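The values are calculated or read from the model by the stated rules, or taken from the named source; none is laboratory data. If you're wondering where the values come from, they're calculated on a predicted model, not measured in any experiment. Cβ sites come from the backbone with ideal geometry, for glycine too, and all protein chains shown count toward neighbours. All accessible areas refer to the heavy atoms of the entire protein, side chains included, with ligands and DNA or RNA removed. Shrake-Rupley method; radii C 1.70, N 1.55, O 1.52, S 1.80 Å.
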Amino acid sequence: MPITLYNSLTRRTDTFVPLDPQRVTMYLCGPTVYNYVHIGNARGPVVFDVLVRLLRRHYPHVVYARNITDVDDKINAAALAQGTPIGTITDRFTAAYREDMEALGIAPPDIEPHATAHIGEIIAMIETLIANGHAYAAEGHVLFDVGTYAAYGQLSGRDTDELIAGARVEVAPYKKNPTDFVLWKPSTPELPGWDSPWGRGRPGWHIECSAMSAAHLGTTIDIHAGGVDLTFPPHENEIAQSTCAHGGEVFARWWLHNGMLTFDGRKMSKSLGNVLLVHELLKRHPPEALRLLLLRGHYRQPLDWSDAALTQAVSTLDGWYRVLRDLADVRVEGELPVPVRVEAALCDDLNTPQALAELALLADAARQNGSADAKAALLGGGALLGLLQQEPEAWFKPGDDVVDAARVEALLEERRSARAARDFARADAIRNELADMGVAIEDGAQGTRWSISKG
Ligand SMILES: [Zn+2]
């Protein structure tokens, strides 16, 4: 069954044919590790985890890299603000990121390259770009000369005149052209830096992805993936850098971009106060429900996150696990089958909503006929999506470290009634009970908000 994928570069859906069927290569732009990631940042890793599962079924060897950006101005700012070395911050949030991803059922990548471990490759790539006339050094900086690469703007569909107009606002004096972008920049003594032919400094925008992708996967890779917000400038710059450093060889043959997450129809942003951290969500909700919700929409479309949608995801999984629990005595032997309709949906540009609809039908069938084959099909379809792989009992009795959100809501409702009836002793008792569960509450004009206070 062929896999078809939408390629953002060609703007077409084509049959995926790897360069070397013996070694399929895929790179996903990973996190900049200076804070916990929000749920929007988990969408790409979850949907592309499903893609990797599918590719592994079709090809004997898939090499999947997801990088860690551990040098960046946001990290530097956090380190300065907290008075710690950047390594303290990046180690902490790299570990947190791995934990969050694991909780969401995402298999670890085969390669997890760190930018700071590839400074040599980055410098070498910049030297090549200077040597072949695509970059120039000026005032401790090295800049990519956008004018030397005619296809610049092809991925994001921008033309260079438009870009120049946009960039004219503040043009650094060392730039030849307003659109030229920084490959290397100087570091002041308090900032992290490495010795280079252009003085002590650090890498500029996204050169690390070009350097690490080439170092681990080769000059031309099959798939480069990331959020649609990375299309411009990061991915556009990666294409320019890599293509020009490798004598015009294609950088990535397929470009896959996932849509953004909104919350109750609004953009998630710090200023709106609606940024949902994976780390926090995991304390209140079953991880598998978060994963299911991230797969509910087609990956290229925006996806709206809401409490109602999350409740719905939990109840869907309740239903499917109930079927599995009822069939606990039905033995499934051997390797799980992959139901053809689930696979067909995923082969159609990773149509996860359709695959989930097929999974629901498999659950109905298993409920109705109760056979080992029907149970195996449900489990096998789930496995391809990274769902339904825990014991039903574990789903229905989550560990003590998970706060039961429904129970918290019920207690808050009871506390509201007690306060309305002026039964303050009962209201205080409920507050204490919540505190014992590790839940802190805060009364405000919009009602009572709660948060996890432990761990
Ligand atoms: Zn990247």
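When you count, for each residue, the other Cβ atoms within 10 Å and take the mean per peptide, how do 127-139, 39-51 rank with the highest first?
39-51, 127-139
For region 1-147, calculate the relative contact order in percent as a whole number, restricting contacts to Cα pairs under 8 Å that are 6 or more residues apart.
22 percent
Test of understanding: what is the full-extension gain from D364 to D91, defined as 0.36 nm times their sequence separation minus their Cα-Cα distance?
Separation in residues times 0.36 nm, less the Cα-Cα distance, equals 93.7 nm.
Please report the antiparallel percentage of DSSP beta bridges with both residues in the chain, rounded to the nearest 5.
Numbers: 24 of 45 bridges.
Expressed as a percentage, antiparallel bridges in the chain total about 55.
Give the cross-link partners of K267 among the lysines, using a straight C-alpha distance below 26 Å as the criterion and excluding same-chain residues fewer than 8 apart.
Excluding near neighbours in sequence, the set is K74, K283.
Normalised by the number of residues in the chain, what is the relative contact order in percent for Cα pairs under 8 Å and 6+ residues apart?
16 percent
If I compute solvent accessible area with a 1.4 Å probe over the protein chains, what percent of it on the chain is carbon and sulfur?
Numbers: 10560 of 20690 Å².
Of all accessible area on the chain, carbon and sulfur atoms account for 51 percent.
Evaluate E = 1/(1 + (r/R0)^6) for E393 and E249, where r is the Cβ-Cβ distance and R0 equals 56 Å; express this FRET efficiency to the nearest 0.05. All intermediate terms of the calculation are to be shown ahead of the outcome.
Working: r = 53 Å, r/R0 = 0.95.
Result of the calculation: an efficiency of 0.60.
In whole Å, how far is the Cα centre of region 9-76 from that of region 283-350?
21 Å
Quick check: the angle from helix 424-436's long axis to the longest principal axis of the chain, C-alpha only, nearest 10 degrees?
Tilt of helix 424-436: around 50 degrees.
With each pseudo-label sitting 7 Å past Cα toward Cβ, what's the E280-A107 distance in nm, one decimal?
Computed distance between label sites E280 and A107 equals 3.3 nm.
Provide the percentage of antiparallel DSSP beta bridges, counting only those with both residues in region 1-88; round to the nearest 5. Present the calculation step by step, with values, prior to reporting the outcome.
On the way: 4 of 10 bridges.
For region 1-88, the DSSP antiparallel bridge percentage is about 40.
Each label point is 7 Å from the Cα along the Cα-to-Cβ direction; what then is the distance between the points at D443 and T311, in nm?
2.4 nm
Gain in length, E139 to N432, computed as 0.36 nm per residue apart minus the alpha-carbon separation, to one decimal in nm?
99.3 nm
Could you work out how much longer the chain between R341 and E190 gets when fully extended? Use 0.36 nm per residue separation minus the Cα distance between them, nm to one decimal.
Details: separation 151, 0.36 × 151 = 54.36 nm, distance 5.72 nm.
The R341-E190 span can extend by a further 48.6 nm.
I'd like to check one number: the per residue accessible area of region 1-91, probe 1.4 Å, reported in Å² as a whole number. Walk me through the intermediate numbers first.
Values: 3620 Å² over 91 residues.
Heavy-atom SASA per residue in region 1-91 reads 40 Å².
Taking 7 Å along the Cα-to-C-beta vector as the label spot, tell me the D264-R322 distance in nanometres, rounded to one decimal.
Computed distance between label sites D264 and R322 equals 2.9 nm.
If the cut-off is a Cα-Cα distance under 18 Å, which lysines reach K176, setting aside same-chain residues fewer than 8 apart in sequence?
K185
By how many degrees, between 0 and 90 and to the nearest 10, does the Cα long axis of helix 39-58 differ from the longest principal axis of the chain?
90 degrees
What does the accessible area per residue of region 267-369 come to in Å², with a 1.4 Å probe and no ligands, DNA or RNA counted?
Counting only protein heavy atoms, the per-residue value for region 267-369 is 48 Å².
Per residue, how much accessible area does region 218-257 show when a 1.4 Å probe rolls over the protein heavy atoms, in square angstrom?
Ligands and nucleic acids excluded, the figure is 24 Å² per residue.
Beta carbons within 10 angstrom, averaged per residue: use that to sort the peptides 209-218, 428-437, highest first.
So the peptides 209-218, 428-437, ranked by packing, come out 209-218, 428-437.
Taking θ as phi - 60°, what are the ³J(HN,Hα) couplings along region 29-38 by the Karplus curve (6.51, -1.76, 1.60), each to the nearest whole Hz, with x for Gly and Pro?
5, x, x, 8, 8, 10, 6, 5, 8, 8
Between 0 and 90 degrees, rounded to the nearest ten: what's the tilt of helix 307-326 against the longest Cα principal axis of the chain?
Roughly 60 degrees, rounded to the nearest 10.
State whether the chain is rounded, prolate or oblate according to the following rule on the C-alpha gyration tensor (a ≥ b ≥ c being the square roots of its eigenvalues): a/c under 1.5 gives rounded; otherwise a/b larger than b/c gives prolate, and the remaining case gives oblate.
Taking the square roots of the gyration eigenvalues as a ≥ b ≥ c, the chain is oblate.
Per DSSP H run of at least 4 residues, take -39500 (n - 2.57); add these up for the chain, divide by its residues and hand me the 222 nm value, nearest 500 deg cm²/dmol.
Computed mean residue ellipticity for the chain: -14000 deg cm²/dmol.
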